[in-house]
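Rule-based calculations on the coordinates, nothing more; no lab input. The structure displayed is predicted, hence computed values, not measured ones. Counting neighbours? That spans all protein chains shown, and the Cβs are built from the backbone with ideal geometry, glycine included.
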Amino acid sequence: MYNKASLKAEEFISHEEITATLAYAEENKENLALIDEILDKAELCKGLDHREASVLLACEDPERIARMYTMAEKLKKKFYGNRIVMFAPLYLSNYCVNGCVYCPYHLKNTHIARKKLTQEEIVKEVTALQDMGHKRLAIEAGEDPVNNPIEYILECIKTIYSIKHKNGAIRRVNVNIAATTVENYRKLKDAGIGTYILFQETYHKESYEKLHPTGPKHSYAYHTEAMDRAMEGGIDDVGLGVLFGLELYKYEFAGLLMHAEHLEAVHGVGPHTISVPRIKRADDIDPSAFDNGISDEIFAKLCALIRISVPYTGMIISTRESKEVREKVIRLGVSQISGASKTSVGGYSEPEPEEENSEQFDVSDKRTLDEVVRWLMEFGYIPSFCTACYREGRTGDRFMSLCKSGQIQNCCHPNALMTLKEYLMDYASEETKKIGEALIAAELSNIPKDKVREVCEDHLKKIEEGIRDFRF
Ligand code: SAM
């Protein structure tokens, strides 16, 4: 039976509730009075539940869809301003004992190059990432208790935080590793991680079991209940995600929102971020073998609806998406993007020889970080390398209340400008620097509090003199 406060996967992601939700959405998809009522509610910025949001997803009325997009843009501006947080993935190891049928790291793949970074190689990778200007990483690894035990992951995190090359530093390490125990989550928390990210892949239990036929990831309950264990282990920023293309997108969307509602009901705080990956071509993986791929149009609608359903949750788009798609969805509510990503193990310090492919998937957006930063600024965004919130203890519900209070403009906005300034001073090309300096000068006036603006101006001068790492 459906119970969002239950700790059992099959009760908080109830198949019956999702099926009933989809039937309700289908019945009401032309009920314009109800749709307008839901849209009016969304306008209040308090979010929507999975049933309400599913009705909007089913709605095909062009006028209402246009209103959804306009509202998503409005909410995005209200809660995230024009800042886009930058990060890069760092693949530590592609050894994996699972049998995920969409992922080239699956155990039976004998021709992919298996690699695991040594601590010396991590120094090289992180130095290369710092030299690009990155300050925030998401570490990625396959699941393999022998090759990638938790001790290895912890050692890697320690190494990453210890590297200080020129003015570089990695100030926040997010972690995307397989579901694990409360004890291991506590160890990750103690190692100073930012967000724990785990994609559900699919909320449909039967499909989940077929798509993960072997290995520890086969257990739907263990995987789906992972965020509860992470929170029990003290991690209060968790990142959800669905791999779109595996199952029907309407099913996944309802499941995703039910998962967010569950976290809020049990832990008093929803997910910190939601990722929206789509299946990509990879070593022995052909995305067309999966029947549920979604068009760019549906993808944009999903992004807009996530934005208005969970207005305080960040949304992440990776380089799985092309420049064109990113351009479209950033406006609709994305708050974080990766730049200049490599999905191979060891790909940042040295290009991988062709016969040695260790990539997890093909990257669509292959631009350099400097190009991505410039592109963002050219269409009115502030690329932010800020990591202040979690370093100041503003995680979980403390971050959410900052977001809800609207004080973010006095905090995240100047932090974005100061970290952008660091980037411009240390890593940007001349052209990017010119555009960035003009943007910072113009954006200073958007800091509401005079005192905060003055302090920010003073810090910007000090950054020019060589001092680093200011934050509000
Ligand atoms: N092994 C961990 C796990 O099982 O959660 C870490 C995750 S893996 C390194 C990162 C994510 O990449 C997966 O959760 C999956 O959603 C995504 N992924 C796997 N194969 C993919 C593909 N062919 N195209 C796009 N994304 C893929």
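Summarising the amide proton neighbourhood of Ile139: residues at separation of 5 or more, or on other chains, whose placed amide H is nearer than 5 Å comprise Leu90, Asn174, Val175, Asn176. Taking amide H positions as modeled 1.01 Å from N, with prolines and chain starts lacking one, the residues under 5 Å from Asn98 and 5 or more places away or on another chain are Leu107, Glu143. Using a/c under 1.5 as the rounded threshold, could you call the stretch 70-220 rounded, prolate or oblate? The axes a ≥ b ≥ c are square roots of the C-alpha gyration tensor eigenvalues, and prolate needs a/b larger than b/c, oblate otherwise. Since a/c reaches 1.5 but b/c is at least a/b, the shape of the stretch 70-220 is classed as oblate.
In which sequence would Asp458, Asp236 go, from the one with the fewest C-beta neighbours within 10 Å to the one with the most?
Details: Asp458 11, Asp236 22.
Ascending Cβ contact count within 10 Å gives the list Asp458, Asp236.
By the count of neighbouring beta-carbon atoms within 10 Å, fewest first, Lys328, Lys404 end up ordered Lys404, Lys328. In this structure, Leu444 and Lys164 have a Cβ-Cβ separation that, at R0 = 51 Å, corresponds to a calculated FRET efficiency of about 0.95. Here the chain is scanned for GluC sites (Glu not before Pro) in DSSP loops (not H, G, I, E, B) that have at most 12 other Cβ atoms within 10 Å, and the longest stretch holding none of them is 61-464.
Given Cα pairs under 8 Å that are at least 6 residues apart, what percent is the relative contact order of the stretch 235-377?
23 percent
Across the stretch 37-48, rounded Karplus estimates of 3J(HN,Hα) from the backbone phi angles (6.51 cos²θ - 1.76 cosθ + 1.60, θ = phi - 60°) give 4, 5, 5, 5, 5, 4, 4, 7, 6, 9, x, 10 Hz, Gly and Pro being marked x.
Here the calculated FRET efficiency for Leu107 and Glu352, from their Cβ-Cβ distance with R0 = 22 Å, stands at 0.55, rounded to the nearest 0.05.
Pick out, in residue order, every one of the trypsin sites (Lys or Arg not before Pro) in the stretch 1-95 that is DSSP loop and has at most 15 other C-beta atoms within 10 Å; say none if there are none. Write out the running numbers ahead of the final one.
Values: sites: Lys4, Lys8, Lys29, Lys41, Lys46, Arg51, Arg64, Arg67, Lys74, Lys76, Lys77, Lys78, Arg83; in loops: Lys4, Lys8, Lys29, Lys46.
Of the trypsin sites (Lys or Arg not before Pro), the ones in loops of the stretch 1-95 whose Cβ has at most 15 other Cβ atoms within 10 Å are Lys8, Lys46.
Need one word for the chain: rounded, prolate or oblate. Basis is the Cα gyration tensor (sqrt eigenvalues a ≥ b ≥ c); a/c below 1.5 gives rounded, then a/b vs b/c decides. Since a/c reaches 1.5 but b/c is at least a/b, the shape of the chain is classed as oblate. In order along the stretch 106-115, the Karplus-derived 3J(HN,Hα) couplings, from 6.51 cos²θ - 1.76 cosθ + 1.60 at θ = phi - 60°, round to 4, 3, 7, 6, 8, 9, 6, 6, 8, 9 Hz, and Gly and Pro are given as x. Relative to one another, the C-alpha centroids of the stretch 296-337 and the stretch 131-189 are positioned 26 Å apart.
In order along the stretch 390-396, the Karplus-derived 3J(HN,Hα) couplings, from 6.51 cos²θ - 1.76 cosθ + 1.60 at θ = phi - 60°, round to 6, 6, 9, x, 8, 10, x Hz, and Gly and Pro are given as x. Sequence-distant contacts, meaning Cα pairs under 8 Å at least 6 residues apart, place the relative contact order of the stretch 335-423 at 26 percent. For the chain, the relative contact order comes to 19 percent (Cα pairs under 8 Å, sequence separation of at least 6). Among Phe253, Phe472, Phe244, a tally of other beta-carbon atoms within 10 Å of each Cβ gives an order, fewest to most, of Phe472, Phe244, Phe253. Is the stretch 1-62 best put as rounded, prolate or oblate by its Cα gyration tensor, with a ≥ b ≥ c the root eigenvalues, rounded for a/c under 1.5, and otherwise prolate when a/b is larger than b/c, oblate when not? Verdict is oblate for the stretch 1-62.
Residues whose amide H lies under 5 Å from that of Phe87, counting only those 5 or more places away or on a different chain, are Ile337, Ser338, Gly339; hydrogens are built 1.01 Å from N in the peptide plane. For the stretch 86-139, the list of trypsin sites (Lys or Arg not before Pro) that fall in a loop by DSSP and count at most 12 other C-beta atoms within 10 angstrom reads Lys108.
Note on Glu324 and Asp291: their simple-model spin labels are 2.8 nm apart, each label 7 Å out from Cα toward Cβ.
Between Asp426 and Ser405, the modelled label-to-label distance comes to 2.9 nm, taking each label 7 Å out from Cα in the direction of the beta carbon. Cβ distances below 4.7 Å define possible disulfide partners, and in the chain the cysteines left without one are Cys45, Cys59, Cys96, Cys156, Cys303, Cys386, Cys389, Cys403, Cys411, Cys412, Cys456. Label reach from Glu11 (point 7 Å along Cα→C-beta): in the stretch 200-221, amide nitrogens under 16 Å belong to 221.
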